[in-house]
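Notes to accompany the following structure.
The values are calculated or read from the model by the stated rules, or taken from the named source; none is laboratory data. Keep in mind it's a predicted model, so treat the numbers as computed, not measured. Neighbour counts are summed over all protein chains in view; Cβ atoms, including those assigned to glycine, are modelled from backbone coordinates with ideal geometry. Quick note on the areas: whole protein, heavy atoms, side chains included, nothing else; ligands and nucleic acids left out. Shrake-Rupley method; radii C 1.70, N 1.55, O 1.52, S 1.80 Å.
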Amino acid sequence: HHLRFAALRNHLQKLVDKCRTYCDYGNSYSEKGRKFCKLLVSLQEDTWTQRLGDVAPLLSNFGFVLDEVQSYREGVLASLETTFAAPMEEFVEREKQHIKSLKSDLQKAGEDYEAALAKFLALKNSSDRETRLSRETDVAMLRRKFEIHRYDVVVELNSLASKKKFALCERVCSALYAYLGYFHQCHTLLATIEPAV
């Protein structure tokens with residue numbers, strides 16, 4: 001269970017890392033797009049109007065529109081950070097700490113049980129019945145405590161696997177809705193200039 005949980009956790013962290021790399025490249029792409037748009041917008045200057053006539057302000061307007069598209073893209077990339085990368089990373093880190101704590105409790109319970117068992121087994125046959133009975137009771141109690149901790153860890157690992165599936169689905173759906181909004185905005189914006197095109 002623990003190995004499966006660790007593998008899933010590592011995979012989620014990779015998703016977060018790749019998402020951030022994707023956003024970095026997306027922002028770099030957007031920055032290049034803005035430079036292109038800036039040149040188109042510059043066509044509204046008088047010298048270009050003299051050279052290109054009526055088409056200059058029209059092309060300049062297209063530059064403004066394409067620049068707005070870059071803004072929408074930057075918005076969706078920022079949304080990916082806030083709705084996917086950051087929450088998933090926080091989830092992974094929080095659960096990692098929780099499991100670490102549970103494993104620490106389990107290890108301590110195991111060590112206590114082993115120590116009590118060793119003490120019990122070290123008793124000589126000559127030991128009085130009361131001492132043997134007391135140690136045997138301690139061993140049984142600590143073994144139950146250890147088994148309960150072990151059960152808790154297994155239950156928690158199974159629960160976390162389900163939570164992770166849900167969290168991942170939720171985050172991916174949020175990202176897709178961000179893109180849905182982005183494409184809708186772009187379509188609406190470009191539709192306004194279609195007659196001019």
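Summing Lys, Arg as +1 and Asp, Glu as -1, what charge do residues with Cβ under 12 Å from the Cβ of Ser127 carry, Ser127 excluded?
+2
Let me know the charge dipole size of the chain about its Cα centre in debye, to the nearest 20, where only the beta-carbon of Lys, Arg (+1) and Asp, Glu (-1) is charged.
Charge dipole of the chain: 1080 debye, to the nearest 20.
Step through the residues of the stretch 68-73 one at a time and calculate ³J(HN,Hα) from phi using the Karplus curve (6.51 cos²θ - 1.76 cosθ + 1.60, θ = phi - 60°), rounding each to whole Hz and writing x for Gly and Pro.
Result, rounded to whole Hz: 5, 4, 4, 4, 4, 5.
Using a 10 angstrom cutoff on alpha carbons, build the Gaussian network for the chain and name the most mobile of Leu66, Leu157, Leu39.
Leu39
In whole angstrom, how far apart do the alpha carbon centroids of the stretch 146-197 and the stretch 75-121 sit?
The stretch 146-197 and the stretch 75-121 have Cα centres separated by 23 Å.
Picking from Leu58, Tyr113, Tyr22, whose Cα lies most toward the positive end of the charge dipole for the chain (charges on Cβ: Lys, Arg +1; Asp, Glu -1)?
Tyr113
First compute the accessible area of the chain with a 1.4 Å probe, then give the percent of it belonging to carbon and sulfur atoms.
Using a 1.4 Å probe with all protein chains present, the chain comes out at 59 percent carbon and sulfur.
If each DSSP helix of 4+ residues adds -39,500 (n - 2.57) and the sum is divided by the residues in the chain, what number results at 222 nm, nearest 500 deg cm²/dmol?
-32500 deg cm²/dmol
Charges only on Cβ, +1 for Lys and Arg, -1 for Asp and Glu: so what's the dipole of the stretch 83-197 about the Cα centre, in debye to the nearest 20?
480 debye
Given (1) 1.02; (2) 1.93; (3) 1.14, which label gives Cα Rg over 2.2 N^0.38 Å as computed from the coordinates?
(2)
Checking the table Lys96/Lys164; Lys18/Lys165; Lys119/Lys145; Lys18/Lys96; Lys18/Lys103 against a 22 Å threshold on Cα-Cα, which pairs fail?
Lys18/Lys103
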